[in-house]
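What follows is one structure encoded as structure tokens, with my remarks underneath.
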Amino acid sequence: MVIIRDVKSLREALREVRMEGRKIGFVPTMGALHTAHISLVKIACERSDYSVVSIFVNPTQFGPAEDFERYPRTPEEDCRLLEAEGVDLVFIPTRSEMYAEDETITIDPGVKAQIFEGRSRPTHFRGVLTVVAKLFNQVQPDLAVFGEKDAQQLYLVREMAKNLQMPVEIIAGPTLRELDGLALSSRNRYLKKAERELATVLYHALTAGVERFQSGERSLEAIRGSMREAINEVPEFEVDYFTAVGDADFEETDPVSEKPRMIIAGRIGSVRLIDNLCPSA
Ligand code: PAF
């Protein structure tokens, strides 16, 4: 496994791979890798001839109140895990490799970046799309894998790739869950024991919404009502938003889309959690 830290060497290494006609699969990450990241890496390895993973804690997607400095950084352990998966190249750029001091051009993520996650994190998706666009330009992958757990991010990355005609296939990696339904996330490690038990409220609310939909209900308010009942079971959960959106357009409509995705976010103690679920086809 090759570890590269600068864009010039990355381009040189990948030029050869491309000349050999090999298909490049890419997983962008911010490191501190866990089982859910590794599941994305497995998909990239299976579906490509040459796999690239980036590790970069992207400063521009953190808001002023979010602690960029405290974000966990475990590059040695990450590389060990990636090597065990048979990853071909790990790209670990420095901040100055990714951003010039005087940079003013960014990707405008559009109106759907202002709702749900964007309401409490107004600059977040601009930062995400800008860094993903840069990484796509650097790696020029044939396919890139993003976790379905960050459904709004996945939607916006797909839209960016489509709208800006980027020649990359965006693949969704399914959400991995603990036995009790809690979605795997880097943030779960910050939950205290009692909070960890309460954290299943997100999954319970999502399944309540999905079950109501599957029973034939299409009224948004009725579906949200079922979700709210589950949420009310856990007063410690400080809900941020919960609703049903169209899976294809992230649009909240009443009646709900025939292909909906239930989404939810909120805090338990100081830990903010998000999750989503679609009715199975
Ligand atoms: O999902 C993440 O880890 C990040 O938002 C990403 C896509 C690596 C961009 O920094």
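Laboratory data are not the source of any read-out in this text; all were calculated from the coordinates shown. Here the structure is a predicted model, which means the values were calculated and not measured. Every residue, glycine among them, receives a Cβ derived from its backbone with ideal geometry; neighbour counts consider all protein chains shown.
Subtracting the Cα-Cα distance of Thr106 and Asp240 from 0.36 nm times their residue separation leaves 45.5 nm of extension gain. Sorting the Cα pairs of the range 115-183 by distance into bins of 10 Å, from 0 upward, gives 19, 47, 27, 7, 0 percent per bin.
Here the sum of -39500 (n - 2.57) over DSSP H runs of 4 or more residues, divided by the residues of the chain, equals -11500 deg cm²/dmol at 222 nm, to the nearest 500. log10 I(q)/I(0), Debye, Cα-only the range 172-240, no solvent, q = 0.16, 0.17, 0.20, 0.28 Å⁻¹? For the range 172-240 at q = 0.16, 0.17, 0.20, 0.28 Å⁻¹, log10 I(q)/I(0) is -0.62, -0.68, -0.88, -1.22.
Find the all-direction average of the projected area of the Cα convex hull for the range 1-139, expressing the result in square nanometres with one decimal place. About 9.1 nm², averaged over all directions.
Once the C-beta distance of Arg5 and Ser270 is scaled by a Förster radius of 30 Å, the resulting FRET efficiency is 0.35 to the nearest 0.05. Across the range 66-178, counting alpha-carbon atoms alone, Rg and Dmax equal 15.3, 44 Å. Based on the Cβ-Cβ distance from Val57 to Lys259, what FRET efficiency comes out when R0 is 30 Å, to the nearest 0.05? Efficiency at R0 = 30 Å is approximately 0.30.
About its Cα centre, the dipole of the chain is roughly 200 debye, where the only charges are +1 on Lys and Arg Cβ and -1 on Asp and Glu Cβ.
Where the convex hull is taken over the Cα atoms of the range 237-281, what is its projected area averaged over directions, in nm²? Walk me through the numbers before you get to the answer.
Values: hull surface 13.8 nm².
Mean projected area for the range 237-281: 3.5 nm², to one decimal.
Between Leu179 and Glu12, the modelled labels are 5.2 nm apart [label points 7 Å from Cα along Cα→Cβ]. Annotation note: trypsin sites (Lys or Arg not before Pro) in the range 1-76 located in DSSP loop regions with a Cβ neighbour count of at most 10 within 10 Å are Arg70. Legend: calculated FRET efficiency, Glu69 to Gln114, from the Cβ-Cβ distance at R0 = 30 Å, rounded to 0.05, equals 0.70. Straight-distance candidates among the lysines for linking to Lys23, with alpha-carbon spacing under 25 Å and chain neighbours fewer than 8 residues away dropped: Lys8, Lys42, Lys134, Lys162. Of all lysines in the structure, those lying under 20 Å Cα to Cα from Lys259, and not within fewer than 8 positions of it along the same chain, are Lys112, Lys149. By the Cα gyration tensor, the chain has an equivalent ellipsoid whose semi-axes, rounded to whole angstrom, run 33, 20, 19 from largest to smallest. Separation of the range 62-102 from the range 238-261 is 32 Å, based on Cα centroids.
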